[in-house]
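**Student:** Have a look at this one.
Read-outs: derived from the displayed coordinates by stated rules, not from any lab. Owing to the predicted nature of the structure, the values given are computational and were not obtained by experimental measurement. Backbone-built Cβ (ideal geometry, glycine too); neighbour counts: all protein chains shown.
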Amino acid sequence: MPPAREGGYTRMESLPLDQRLAHEGPFQEHWYRFVGGNFACGRTVLDVGAASGYGLEILSWAGALDVMGIDPLPLGPRVRQVPIEQIQSKSWDLVTALDVIEHVPDDAAFFAELVRVARWGIFLSTPNWHVWRAANPLHAREYRPEELLALLGGRSHQAWTSGNDLVVSFAPGGLSPDLVEPPNFGIFVRV
């Protein structure tokens, strides 16, 4: 498990609504567009950590058959306050968790739940520790490539990186320890 953020962290769902809304924005829009264009068409998609649910529209426009968002503190009318543990096993083709896992105290248990719920695959994104150094007080941890690979438990995956300009590029060979410059990783795991 990657090291926890020094000095602890603040859970997003513990923030007052006005502060939570200040953190809401289209920060993952490029990932939603990428997932929509490459994985969502013709599939059902569960978006875990959906917040306001703006990504649900992007996934729908991309041709997803059905979309649902869940979040511990939903900010949008289409997002349900349902813990992932209450979602039926193998009930969604694709499960997304875009920049969510770094907020979760027990990342291994969370990842196991994503695997349990997905019928076909999982797409998750997360900040690169080499760039951000877990400076965000809302992150329980951030990942180096080798730590994220350990979390995947040897499952085959495809990886992409995202830069500050929001261009997504393929990471040949998947994640490798030499991926220290890209600010974010995106990982597709077939279940």
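**Student:** Taking amide H atoms as placed 1.01 Å from N in the peptide plane, list the residues 5 or more away in sequence, or in a different chain, whose amide H sits under 5 Å from that of V104.
**Tutor:** For V104, whose amide H was placed from the backbone, the distant partners under 5 Å are A140.
**Student:** Of all beta bridges DSSP finds with both residues in the range 1-146, what is the antiparallel percent, to the nearest 5? Don't skip to the end; give the middle numbers.
**Tutor:** Working: 0 of 17 bridges.
Percentage antiparallel, nearest 5: 0.
**Student:** Using only DSSP helix segments of four residues or longer, with each worth -39500 (n - 2.57), what per-residue ellipticity at 222 nm results for the chain after dividing by its residue count and rounding to 500?
**Tutor:** On the way: 6 runs with 45 residues, N = 191.
Helix contribution divided over all residues of the chain: -6000 deg cm²/dmol.
**Student:** Between R116 and E24, what is 0.36 nm times their sequence separation minus the Cα-Cα distance? Round to one decimal in nm.
**Tutor:** On the way: separation 92, 0.36 × 92 = 33.12 nm, distance 2.77 nm.
Full extension of this stretch gives 30.4 nm more.
**Student:** Let me ask you something else. Over the alpha-carbon set of the range 134-174, work out the extent along each principal axis and list the three values in angstrom, largest first.
**Tutor:** On the principal axes, the range 134-174 reaches 31, 28, 11 Å in Cα extent.
**Student:** Measuring from a point 7 Å past the Cα of S60 along Cα-to-C-beta, which residues in the range 4-48 have an amide N at less than 18 Å?
**Tutor:** It comes to 26, 29, 32-37, 40-48, nothing else.
**Student:** If one computes the Cα centroid of the range 114-191 and of the range 53-67, what distance in Å separates the two points?
**Tutor:** 22
**Student:** Around V82, with a cut-off of 14 angstrom between Cβ atoms, what is the net charge of the other residues, counting Lys and Arg +1 and Asp and Glu -1? Kindly include the intermediate steps, with their values, before the conclusion.
**Tutor:** Numbers: positive: R78, R80; negative: E13, D47, D71, E85, E113.
The answer is -3.
**Student:** Which of W132, W160, W61 comes first, and how do the rest follow, when ranked by fewest Cβ neighbours within 10 Å? The partial results should precede the final answer.
**Tutor:** Values: W132 15, W160 21, W61 12.
Ranking W132, W160, W61 by Cβ neighbours within 10 Å, fewest first, gives W61, W132, W160.
**Student:** A follow-up question, please. Long-range amide H contacts for R80: which residues qualify at under 5 Å (H placed 1.01 Å from N, peptide plane, sequence gap of 5 or more or a different chain)?
**Tutor:** Those lying under 5 Å, H to H, from R80 are G69, I70, D71.
**Student:** What is the fewest-to-most order of H157, H23 by other Cβ atoms lying within 10 Å of their Cβ?
**Tutor:** Values: H157 18, H23 13.
Placing the least packed residue first, the sequence is H23, H157.
**Student:** Using a simple spin-label model with points 7 Å from Cα along the Cα→Cβ vector, what separation in nm is obtained for F170 and V191?
**Tutor:** Rounded to a tenth, the inter-label distance reads 2.6 nm.
**Student:** Could you work out how much longer the chain between L15 and V180 gets when fully extended? Use 0.36 nm per residue separation minus the Cα distance between them, nm to one decimal. Present the calculation step by step, with values, prior to reporting the outcome.
**Tutor:** Details: separation 165, 0.36 × 165 = 59.40 nm, distance 3.11 nm.
Roughly 56.3 nm would be gained on extension.
**Student:** Pairs of alpha-carbon atoms within less than 8 angstrom and 6+ residues apart define the contacts here; what relative contact order does the range 20-176 have, in percent? Spell out each step's value before the answer.
**Tutor:** Working: 280 pairs, mean separation 27.2, N = 157.
Relative contact order here is 17 percent.
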